[in-house]
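K.L.:
Before I ask anything, let me first share the structure, which is written out below as structure tokens.
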Amino acid sequence: MSKSVIFDTNVLLDLFVFHDVKALHLKAALLDKKVTSYANQQTLDEFADVIARPLFALDEVTQSSILTQWQGIALMMNDSQIQKAPWLCQDPDDQVFLDLAYSLRPCILLSKDLELLKIAPRAAKEDILITSDYTAWN
């Protein structure tokens with residue numbers, strides 16, 4: 001059975017930009033539909049903004065290809081379906097992932113962001129696992 005998983009931008013970078021060896025099994029599970037992933041317009045906008053940064057040196061065709069691939073995998077939630085999480089993240093760009101996870105609970109939020117990981121104990125009480133463990137979905 002597939003589990004609902006939200007990926008923050010850092011994890012998406014590992015999957016689609018860096019092709020991190022630690023994330024290869026996770027990407028394979030995504031492509032094989034063993035993991036049900038969710039996104040909404042705000043999380044897509046955040047990912048698009050990050051991969052457009054000069055730091056990554058990705059041309060527009062590559063950026064578009066990455067976004068198209070991710071949109072083909074993730075199930076889209078309408079922003080009107082998103083509930084505000086009862087916890088605030090210091091970085092508003094990360095709040096969108098918390099809100100999405102809160103709206104989909106029970107679920108897993110895969111993140112390498114320290115601010116999100118700090119919220120994990122409180123989120124666990126709402127049946128949201130916030131973790132940096134790329135095998136947590138399994």
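The values are calculated or read from the model by the stated rules, or taken from the named source; none is laboratory data. These figures come from a predicted structure and were not determined experimentally. All Cβ positions, glycine included, derive from the backbone under ideal geometry; neighbour counts span all protein chains shown. Heavy atoms of the whole protein, side chains included, go into the accessibility calculation; ligands, DNA and RNA do not. Shrake-Rupley method; radii C 1.70, N 1.55, O 1.52, S 1.80 Å.
K.L.:
With every protein chain left in place, what is the accessible area per residue of the chain in square angstrom, probe 1.4 Å? Can you show the working numbers first?
P.N.:
Details: 7230 Å² over 138 residues.
With all protein chains present, the chain gives 52 Å² per residue.
K.L.:
Can you give me the angle between helix 60-73 and the longest principal axis of the chain, using Cα atoms only, in degrees from 0 to 90, rounded to the nearest 10?
P.N.:
Helix 60-73 sits at roughly 40 degrees to that axis.
K.L.:
Also: I'd like the carbon and sulfur percentage of the solvent accessible area for the chain, probe radius 1.4 Å, heavy atoms only, ligands and nucleic acids excluded.
P.N.:
Values: 3850 of 7230 Å².
So the carbon and sulfur contribution to the accessible surface is 53 percent.
K.L.:
Another question, then. Using only DSSP helix segments of four residues or longer, with each worth -39500 (n - 2.57), what per-residue ellipticity at 222 nm results for the chain after dividing by its residue count and rounding to 500?
P.N.:
Working: 7 runs with 64 residues, N = 138.
Calculated from helices alone, the mean residue ellipticity at 222 nm is -13000 deg cm²/dmol.
K.L.:
If you line up the long axis of helix 92-104 against the longest principal axis of the chain, both from Cα atoms, how many degrees apart are they, to the nearest 10?
P.N.:
For 92-104 against the chain, the angle is about 60 degrees.
K.L.:
Still on this structure, please answer the following. Per 5 Å bin from zero, what fraction in whole % of the C-alpha pairs of the chain is there, up to the bin with the longest pair?
P.N.:
Calculated over all Cα pairs of the chain, the distribution is 2, 11, 22, 25, 21, 14, 5, 1, 0 percent.
K.L.:
FRET efficiency for residue 78 and residue 55, Cβ-Cβ distance as r, R0 = 25 Å, nearest 0.05?
P.N.:
Values: r = 31 Å, r/R0 = 1.25.
FRET efficiency, residue 78 to residue 55: 0.20.
K.L.:
Moving on to the next point. For region 20-60, just run the numbers: alpha carbon Rg, then divide by 2.2 N^0.38 Å, N being how many residues it has.
P.N.:
On the way: Rg = 12.9 Å, N = 41, 2.2 N^0.38 = 9.0 Å.
Expressed relative to 2.2 N^0.38 Å, the Cα Rg reads 1.43.
K.L.:
Which percent of the Cα-Cα distances in region 45-125 go past 17 Å?
P.N.:
On the way: 1757 of 3240 pairs.
Tail of P(r) above 17 Å: 54 percent of Cα pairs.
K.L.:
Mean 1/r over all different Cα pairs, inverted: what Kirkwood radius does region 1-72 give, in Å?
P.N.:
Working: mean 1/r = 0.0793 Å⁻¹.
It is 12.6 Å.
K.L.:
Specify the inter-centroid distance of region 15-58 and region 83-124, based on alpha-carbon positions, in whole Å.
P.N.:
17
K.L.:
Stretch residue 125-residue 20 to full length: gain in nm at 0.36 nm per residue minus the Cα-Cα span? Could you put the intermediate results ahead of the total?
P.N.:
Details: separation 105, 0.36 × 105 = 37.80 nm, distance 3.10 nm.
Contour length minus the Cα-Cα distance gives 34.7 nm.
K.L.:
Given the pairs 84/118; 34/118; 3/125; 3/112, which are separated by over 22 angstrom at their Cα positions?
P.N.:
On the way: 84/118 18 Å; 34/118 28 Å; 3/125 18 Å; 3/112 19 Å.
As for pairs spanning more than 22 Å Cα to Cα, those are 34/118.
K.L.:
Counting other Cβ atoms within 10 Å of each Cβ, which trypsin sites (Lys or Arg not before Pro) in region 3-112 have at most 15 and sit in a DSSP loop? Could you put the intermediate results ahead of the total?
P.N.:
Details: sites: 3, 22, 27, 33, 34, 84, 112; in loops: 33, 34, 84, 112.
Hits after loop and neighbour filter: 33, 34, 84, 112.
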